[in-house]
1. Measure off 7 Å from each Cα along the Cα-to-Cβ vector at A3 and H91, then give the distance between these two points in nanometres to one decimal.
2. Mind checking the dipole of the chain: about its Cα centre, +1 per Lys or Arg Cβ, -1 per Asp or Glu Cβ, Debye to the nearest 20?
3. Grab the Cα-Cα distance for A63 and A104, subtract it from 0.36 nm times how many residues apart they are, and report the gain in nm with one decimal.
4. Within the chain, which complete DSSP H helices have Cα atoms spanning at least 27 Å along the helix axis and a mean Kyte-Doolittle hydropathy of -0.5 or higher?
5. So what are the chain's ellipsoid semi-axes, whole angstrom, largest first, if each one is the square root of 5 times an eigenvalue of the alpha-carbon gyration tensor?
6. For the chain, what % of the accessible area comes from carbon and sulfur atoms, probe 1.4 Å?
7. So which trypsin sites (Lys or Arg not before Pro) in region 1-100 end up in coil per DSSP with only 11 or fewer other C-beta atoms within 10 Å?
8. Two decimals is fine: what's Rg over Rh for region 1-79, C-alpha atoms, Kirkwood radius as Rh?
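The values are calculated or read from the model by the stated rules, or taken from the named source; none is laboratory data. What you see is a predicted model; the values in this text were computed from it and never measured. Because the Cβ atoms are built from the backbone with ideal geometry, glycine has one as well, and the counts that use them run over all protein chains shown. Quick note on the areas: whole protein, heavy atoms, side chains included, nothing else; ligands and nucleic acids left out. Shrake-Rupley method; radii C 1.70, N 1.55, O 1.52, S 1.80 Å.
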Amino acid sequence: MNAVSVETVSRTMEALFAREGRSIVYRDRATGQDLVVSPPSAASAAGLLPAFVVAGEAVWREATGNGFSLDIVRDPQSLLGYRLQGIGAGHFATVMLATMEAAAQVAGPAAIVVNELNALWSATTDRIERRTRFSARVGLGPAP
């Protein structure tokens, strides 16, 4: 597998968000407000892109057993405190398709609700872990 350009993923996600026309919403649980995030901020490596790509990676891992070797670092200057620094494995198409699928799964009729990416990641990770435990218990070897 090859490294994938974070910048290329960012630009492509920005174009997709802009073309889609749905709002990108972050629900601030502290204030109860819905904050609308612009496509450039949502697609930025220091914006919401880490959340989208992590959710996409979970979707891909559940389907194939493989991840994207994400390099995510703490960054106090970023929107959520983390920045996507690198995508070490996969191909552009797989990263994009999985990330687009994750976004589609959390999208409502009017908005993509970013907070729902965590629920998507958690549910996917739980299914992978249950399948792995089941496979180990019945002697099937590792599950994808």
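1. Result for the modelled spin labels: 2.0 nm.
2. Its charge dipole is roughly 360 debye.
3. Values: separation 41, 0.36 × 41 = 14.76 nm, distance 1.61 nm.
13.1 nm is the gain from fully extending A63 to A104.
4. none
5. Details: eigenvalues 142, 64, 39 Å².
In descending order, the three semi-axes are 27, 18, 14 Å.
6. After summing per-atom areas, the C and S share lands at 54 percent.
7. R29
8. Over the Cα atoms of region 1-79, Rg/Rh equals 0.99.
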